[in-house]
Structure formats: structure tokens, C-alpha cells
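Visitor: The structure's right below; bear with me while I get my questions together.
The values are calculated or read from the model by the stated rules, or taken from the named source; none is laboratory data. Just so it is clear, the structure is predicted and the values come from calculations on it, not from any experiment. Cβ placement follows ideal geometry from the backbone for every residue including glycine, while neighbour counts extend to all protein chains displayed.
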Amino acid sequence: MIRMMILAGMLLLLQGCVLTKVVTVPMRVTGAVVSIVPGVGNTIHDGIDTAADVVDDVPI
């Protein structure tokens, strides 16, 4: 019974918004770190941010 409850809890956490946030948060942090680079940093940050927005919009 406890195993089923743990499994159900894991499945609830790995659906929809939580799953996409697990993917997009590291992308956004990387973009923020890269934006420090002079010249091309903001361009790369904008590209990563756009890709993260697309992943957030995935209907899971």
C-alpha cells in the first residue's frame, strides 16, 4: 500500500507543469549565466529563453 502511494505521488509530480519546469529551469539559469558574456550573451540568452517558453507551452 505504501509503495502504491509513493508511486502515485511520483506520477502526480511528473505530470504537466512540474515536468516542464524540471526541464526549463536549468535552461533559464544557463541563459542567465551566459548573458554575462559581452556581445553575444544577450542574443544567446534570448534564444534559450524562447526555447524554454516553447517547452513550457507543451501540452502534457
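Visitor: Can you tell me which residues in region 34-60 are surrounded by 10 or more Cβ atoms within 10 Å (Cβ to Cβ) and among the acidic types (Asp, Glu)?
Guide: Residues satisfying the conditions are Asp46, Asp49, Asp53, Asp56.
Visitor: Okay, next question. All but one of (1) surrounded by 11 or more Cβ atoms within 10 Å (Cβ to Cβ); (2) at pLDDT below 85; (3) of a type outside the set (S, T, N, Q) hold for Gly9, so report the exception by its number.
Guide: Failed condition: (1).
Visitor: Output the qualifying pairs, or none if there are none: Cβ atoms under 8 angstrom, residues six or more apart or on different chains, first residue in region 33-60 and part of a loop (DSSP other than H, G, I, E, B), second residue modelled with pLDDT of 85 or more.
Guide: Ser35/Gly41; Ser35/Asn42; Ser35/Ile44; Ser35/His45; Val37/Ile44
Visitor: What do you reckon, is Gly16 at pLDDT below 80 and under 18 Å from the mean Cα position of the chain (by Cα)?
Guide: Taking the combined requirement at face value, the residue satisfies it.
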